[in-house]
Each structure stands twice: as structure tokens, then as C-alpha cells.
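Chemist: Dropping a structure here in C-alpha cells format, bear with me for questions.
The values are calculated or read from the model by the stated rules, or taken from the named source; none is laboratory data. Remember, predicted model here, so these are calculated numbers, not experimental data. Neighbour counts are summed over all protein chains in view; Cβ atoms, including those assigned to glycine, are modelled from backbone coordinates with ideal geometry.
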Amino acid sequence: MQKPIIFFDGVCGLCNRFVDWMLKRDQKGIFLFAPLQGETAQEKNLFQYSNKSEELSSILFCDENGKIHRASSAILSILVRLGGLWNILGLLLIVPSCLRDSVYDFIARRRYQWFGQRASCRIPSEGEFKAFLP
């Protein structure tokens, strides 16, 4: 079994804030992180999980078994694995994905204008480096 991987848009301000938030809460080192623009994402052929081949979802999640989760299912699956009180949000998985994903997609389409866009992917700090894949 592999460690779960959180794939994120490396130039998205919201996605990078989510990664920062996760790094603070993932005290057990459950997750690995990789930018969607990186080698690991290319090796996993993640474009097949996108609505449009030229644009990936802002967050994709590859679980311990290699299953890829996208959109709201990715976020909720991540939070469930984080554990603690975040498990409660897993109850939202009973809401039909078409409803959950419509909210997710609404935010994802506007993430650059609301939260900014970096010129290049984030470079992990020395302390974060072990949690990041290329």
C-alpha cells in the first residue's frame, strides 16, 4: 500500500493555502503532496480525471489503494483520513456528488481571481521537503 497523495494546482493561491493548512494538521505524516504540474501527476496520467483535458481540477486525491478522487469527493476523503473531528465532514459524502461538485466547481472556476495565481509552482521549505513529490 502506498501513502495517500494530495495533488494540487501548484500555482493556485487557494490550493497552496489548503496545502499549508494540511501540513499544519497532518502531524502523523499521513499524506504526500505533489503539484498537478509535476512529474508524479504526469506519471499517474491525471488528465483522464479532468472535466477538460487542458484543465485539471484544483485538488485530486490518490488514496492508499491508488484510487483517484476528484472535486468534493477528494476534499472529503482527505478530511476523513485526517481523522479527529474532521471525520464528521465525511457525512457529506451521502449528499449526491452532482450537488457537492457543483459547489466545488463554482469555487474552482473562480479560484485564481479570488485567491490569486503564482508565477510558478511552490517550492517546499526544508522542513516540508520530505512530504513533497516532484
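Chemist: Would you please name the residue that is modelled with the lowest pLDDT, looking only at residues in region 12-37 that are surrounded by 14 or more Cβ atoms within 10 Å (Cβ to Cβ) and either among the basic types (K, R) or touching a Cys at 6+ places or on another chain (Cβ under 7 Å) (or both)?
Modeler: Of the residues in region 12-37, the ones surrounded by 14 or more Cβ atoms within 10 Å (Cβ to Cβ) are 12-16, 18-19, 22-23, 25-26, 30-37.
With the extra rule that they be either among the basic types (K, R) or touching a Cys at 6+ places or on another chain (Cβ under 7 Å) (or both), the set shrinks to 25, 35, 37.
Numbers: R25: 92, P35: 91, Q37: 86.
It comes out as Q37.
Chemist: A further question on this structure: Out of R118, R81, R122, I need the residue that is closer than 17 Å to D9 by Cα and within 15 Å of the chain's Cα centre (by Cα). Which one?
Modeler: Numbers: R118 fails: within 15 Å of the chain's Cα centre (by Cα); R81 fails: closer than 17 Å to D9 by Cα.
Exactly one of R118, R81, R122 is closer than 17 Å to D9 by Cα and within 15 Å of the chain's Cα centre (by Cα), namely R122.
Chemist: Sort out which residues of region 91-108 are part of a helix (DSSP H, G or I) and either of a type in the set (A, V, I, L, M, F, W, C) or more than 16 Å from the chain's Cα centre (by Cα) (or both), and write them in order of number. Talk me through it step by step, then tell me what you get.
Modeler: Pass one, region 91-108, residues part of a helix (DSSP H, G or I): 91-94, 97-108.
Matches in region 91-108: L91, L92, L93, I94, S97, C98, L99, S102, V103, F106, I107, A108.
Chemist: Also, quick follow-up: Does I68 satisfy the condition of being hydrophobic (A, V, I, L, M, F, W, C) and surrounded by 13 or more Cβ atoms within 10 Å (Cβ to Cβ)? Don't jump to the end; show me each part of the working.
Modeler: Working: hydrophobic (A, V, I, L, M, F, W, C): yes; surrounded by 13 or more Cβ atoms within 10 Å (Cβ to Cβ): yes.
Spelling it out, I68 is indeed hydrophobic (A, V, I, L, M, F, W, C) and surrounded by 13 or more Cβ atoms within 10 Å (Cβ to Cβ).
Chemist: Out of D63, D101, which single residue is surrounded by 15 or more Cβ atoms within 10 Å (Cβ to Cβ) and over 22 Å from P134 (Cα atoms)? First the steps, then the outcome.
Modeler: Working: D63 fails: over 22 Å from P134 (Cα atoms).
Only one candidate qualifies: D101.
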